[in-house]
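Values in this text are rule-based calculations from the coordinates and carry no lab data. All values derive from a computational prediction rather than experimental measurement. Here the Cβ positions follow ideal geometry from the backbone for every residue, glycine too, while neighbour counts run over all protein chains shown.
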Amino acid sequence: MKKFKVLLLTILGLAVFLRLYGILDNYYFSGELGKELLYMRHFSLTKTLPLTGMTTSHEWLSYGPIYYWIMIPVFNLLNGNPLILFYSALTVSILGLILNFVIVKKISTEKVAIISTALQAISPLLIWQTQSSKLHTFFFILSPILMYLLYLLWNGKKKWLIYTGIVFGLMFSFHFSQIPLLGVLVLLFMIKKYKFTDYLKFGAGVLIPNLTLLWQDKNLLIWIPYRIITSGGRDLVGTLNSFNEFMGRNIFWDHKLWVLASIIFLTVLIHFIWSNHKKIKKDFLIFYLTSSISFIFLANFLHSSPPVHYFLPVFTTVPILFALYLDKQKYWWVALVLIFLINFKGYFNFQKPNDFVPLATQVRIADSIVKDANGSEFSIKRIGLYDYFPETYSQNYKYLILSRGGKLTDKSKNIYTINDFTNSYSKEK
């Protein structure tokens, strides 16, 4: 319908605005993002591509290389501008909204598609993750594609088995939180009576985008058993706080309202499962929403105190669940307006992390150090939050200094100490 097309364009425009607003002043360029750019810069200068991605929080485990195969050409195109990570995340986020509309329209109805897309557009969780500019925002594209491929398999279209495996395998280049979704696939195969050879075709697809990763990082093969053995709900309070943050950020910016959001979330989820449990084996969308959310919740409970991004595989799934409920309401748009109005202040008041330093301030410090060094070699260290991480969590400054021609070396006794608490630096010899 024409009105839905106009509404979709309006939603996409709003989504771009909410994600882009104030980003030049609020871009969270941290040591983590600096580390990403240093990695890209290395391969850009050597005119090569990596066989694996950077290491995860487990130093012995690396991501797949696909993210960097995409980003290194972008890095070259935009001359290594630190904001390329945000612009890429923004592009991926908007493409994810478009994909959600197209795919949900095929699986359900156009109305459910537009409501779920609107919910994603104004979601504090998705806006926050986009502005964080990390590699796992690519899940916003991959998750709906995986859902659609599973829909095709649900309907017996086995020619898509290898492609489903490839998409699932691609996810290892952006995060590992999709692993619990294997439970969804196994359940689907059991319900639809797929054969052992079908599992093999899916597995072959998973291997294709990860051949270089497995060749270089054979530890990946032992990671799943490792996580199973070492998991367990050891910190119940921390785990509940993590769940509360995930469920809360889906609806509200204000952390004071997260408990209310969690109550709403759990009420909707439990009622949905209870009222539709007889249809789980008959209706794909009911099956997928129930099984994917349940498996991700179970896995994160076992993990204990998971970071919010461990819920990534259902970031774009939860809005579809809420959309199915709003679809039944005559004045469904009232709920969207209320969510927007309640969050209005949050959209325009960036919640700065404790270690936030404006990019402009970092650039000023980097320029001053390079000028003061006057072409001589030097090293840096950083004082600030998280300076117990490797390289004192100073990779953002290292990247800026190197991109300005500074001659950084870890061996130099000419040391500049950057103090993030005072936004200043000092020199020692």
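Pull out the extension gain between Leu260 and Leu240, defined as 0.36 nm times the separation in residues minus the alpha carbon to alpha carbon distance; nm, one decimal. Intermediate results must be reported in sequence, preceding the final value.
Numbers: separation 20, 0.36 × 20 = 7.20 nm, distance 1.40 nm.
Gain in length upon complete extension: 5.8 nm.
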The range 149-199 and the range 237-263 have their Cα centres apart by a whole-number Å value of 30
With x for Gly and Pro, the residue-by-residue ³J(HN,Hα) of the range 73-84, computed from phi through the Karplus equation 6.51 cos²θ - 1.76 cosθ + 1.60 at θ = phi - 60° and given in whole Hz, is x, 5, 4, 5, 4, 9, 6, x, 4, x, 7, 4
The alpha-carbon pair-distance distribution computed for the chain, with 20 angstrom bins and whole-percent values, is 24, 56, 19, 1
Taking Cα atoms only, helix 284-303 is inclined relative to the longest principal axis of the chain by an angle, in degrees rounded to 10, of 40
Any lysines whose Cα falls less than 17 Å from that of Lys35, other than same-chain ones fewer than 8 residues away, would be Lys134, Lys381, Lys398
Rounded to the nearest 10, the angle in degrees between the Cα long axis of helix 139-154 and the longest principal axis of the Cα atoms of the chain comes to 30
A student asked for the Cα radius of gyration and Dmax of the range 75-164 in angstrom ought to give 15.2, 47
Sorted by chain and then number, the residues having a modelled amide H within less than 5 Å of the amide H of Lys407, at least 5 places away or on another chain, are Phe378
Listed with the fewest Cβ neighbours within 10 Å leading, Ile103, Ile415, Ile296, Ile145 appear as Ile415, Ile145, Ile103, Ile296
Semi-axes of the range 91-131 from the Cα gyration tensor (sqrt of 5 times each eigenvalue, largest first, whole Å) come to 19, 11, 5
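Computed over the Cα atoms of the range 257-352, what is the ratio Rg over Rh, Rh following Kirkwood?
On the way: Rg = 15.2 Å, Rh = 15.2 Å.
In the range 257-352, Rg relative to Rh is 1.00.
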Longest principal axis of the chain (C-alpha) makes with the long axis of helix 110-122 (C-alpha) an angle, in degrees to the nearest 10, of 30
Taking a crude spin-label model, label points 7 Å out from Cα along the C-beta direction, the Asp198 to Lys111 distance in nm is 3.3
Violations at 18 Å Cα threshold for listed pairs Lys111/Lys281; Lys193/Lys281; Lys105/Lys158; Lys106/Lys278; Lys5/Lys157; Lys2/Lys328 -> Lys111/Lys281; Lys105/Lys158; Lys106/Lys278; Lys5/Lys157; Lys2/Lys328
Mean separation of Cα contacts under 8 Å (at least 6 apart) over the residue count of the chain, i.e. the relative contact order in percent, is 20
Whole-Hz Karplus couplings 3J(HN,Hα) for the range 258-269, θ = phi - 60° and coefficients 6.51, -1.76, 1.60, Gly and Pro as x, run 5, 5, 4, 4, 5, 5, 4, 4, 5, 4, 5, 5
Note: Thr267 to Lys281 extended length (0.36 nm per residue) minus current alpha-carbon separation gives 2.8 nm
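Could you give the C-alpha radius of gyration of the range 1-139 expressed as a fraction of 2.2 N^0.38 Å, taking N as the number of residues it contains? It would help to have the intermediate numbers written out before the result.
On the way: Rg = 17.1 Å, N = 139, 2.2 N^0.38 = 14.3 Å.
This ratio for the range 1-139 stands at 1.19.
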Per the charge dipole of the chain (beta-carbon charges, Lys/Arg positive, Asp/Glu negative, Cα centre), the residue among Phe140, Val6, Ser294 reaching farthest to the positive end is Val6
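Considering only the other residues whose Cβ falls under 12 Å of the Cβ of Arg364, what net charge follows from Lys and Arg at +1 and Asp and Glu at -1? Provide the component values of the computation, followed by the final result.
Values: positive: Lys371, Arg404; negative: Asp367.
Counting the neighbours of Arg364, the net charge comes to +1.
How big is the equivalent ellipsoid of the range 32-104 along its three axes, where each semi-axis is √(5λ) from the Cα gyration tensor, reported in whole Å from largest to smallest? Write out the running numbers ahead of the final one.
Details: eigenvalues 112, 54, 26 Å².
Equivalent-ellipsoid dimensions as semi-axes: 24, 16, 11 Å.
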Taking 0.36 nm per residue of separation between Ile70 and Arg404 and subtracting their Cα-Cα distance, the length gained on full extension comes to 117.8 nm
Taking alpha-carbon centroids only, the range 317-345 lies from the range 378-429 a number of Å equal to 46
Expressed in angstrom and ordered largest first, the alpha-carbon extents of the range 359-428 along the principal axes are 30, 27, 20
Looking only at lysines whose Cα falls under 17 Å of Lys345's and that sit 8 or more positions away or on another chain, we get Lys256
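Kindly state, to the nearest 0.05, the FRET efficiency for Phe348 paired with Lys159, given R0 = 60 Å and r defined as their beta-carbon distance.
On the way: r = 48 Å, r/R0 = 0.80.
Efficiency for this residue pair is about 0.80.
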Listed with the fewest Cβ neighbours within 10 Å leading, Met247, Met171 appear as Met247, Met171
Sparse-neighbourhood loop hits (chymotrypsin sites (Phe, Trp or Tyr not before Pro), the range 295-337; DSSP loop; Cβ within 10 Å at most 14 others) -> Tyr331
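Counting only helical runs of four or more DSSP H residues, what would the 222 nm mean residue ellipticity of the chain come to if each run contributes -39,500 (n - 2.57) and the total is spread over all its residues? Write down the numbers at each step before the final one.
On the way: 21 runs with 263 residues, N = 429.
The per-residue figure over the chain is -19000 deg cm²/dmol.
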Taking every other residue with Cβ under 12 Å from the Cβ of Thr164 and scoring Lys and Arg +1, Asp and Glu -1, one gets +3
